[in-house]
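Quick notes on the structure that follows.
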Amino acid sequence: MDPRARRTRERLRTAALERASNERLSQISVADVCRTAGVTRDTFYRHVSSVEELVADALAYEIAEATARLSDDAAIGDGERVLLEHVRQRADVYRAAMDPVLAARVRASLEDALREGLLGWVERRPNIVPAEIAGDDAAVRMAIAYAAGGTIAAIEQWLRDDELDVERAVQIVLASSAAWWLL
């Protein structure tokens, strides 16, 4: 992406997150975001197709930045902690995207980040995979999808609570996970 397009994309992301910090995602219009970002509708649509897509993109960008700092030998709890800290920091945006569950694109971006992290975990530690599914790529992807989906549901429940204690949430997610993920 050229520098000008990158700056525009960053202005759009910032505007979308600013709006979503104060309003329900479903109530934010393209015109609202364009006004806040100082861009035209045409510019908006050259980058994304909807406000929901833009908010999901902005959150995914932040998650990618946060998880990029994790080392390959980081514990699985470290990855959960980074993700949950991001969700806590952006709780107002995630809550604005819930009605009563996360908007589809926001949920998908979180789930993609989790699946990518879990796939990397398994690739770096192939010996943890249970014998029943070892060597079966479809089964491993299914186990990853199950773990990611469950974590998203736990995050949604966590967001419904007033107090967002990251360490307690990490403990709960790990205690609820299949034991082999923790090896």
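The values are calculated or read from the model by the stated rules, or taken from the named source; none is laboratory data. In this text the structure is predicted, and so the values were computed from the model without any measurement. Please note that ligands, DNA and RNA were not included when accessible areas were found on the heavy atoms of the full protein model with its side chains. Shrake-Rupley method; radii C 1.70, N 1.55, O 1.52, S 1.80 Å.
Report, in degrees rounded to the nearest 10, the 0 to 90 angle that the Cα long axis of helix 51-68 makes with the longest principal axis of the chain.
Long axis of 51-68 versus the principal axis of the chain: about 50 degrees.
Looking only at Ala104, Ala20, Ala138, which one moves most when the chain is put into a Gaussian network model with springs between Cα atoms under 10 Å?
Ala138
Can you tell me the orientation of helix 104-124 relative to the chain, as the angle in degrees between its alpha-carbon axis and the longest Cα principal axis, to the nearest 10?
40
Probe 1.4 Å, all protein chains in place: accessible area of Met142 in Å², nearest 10?
140
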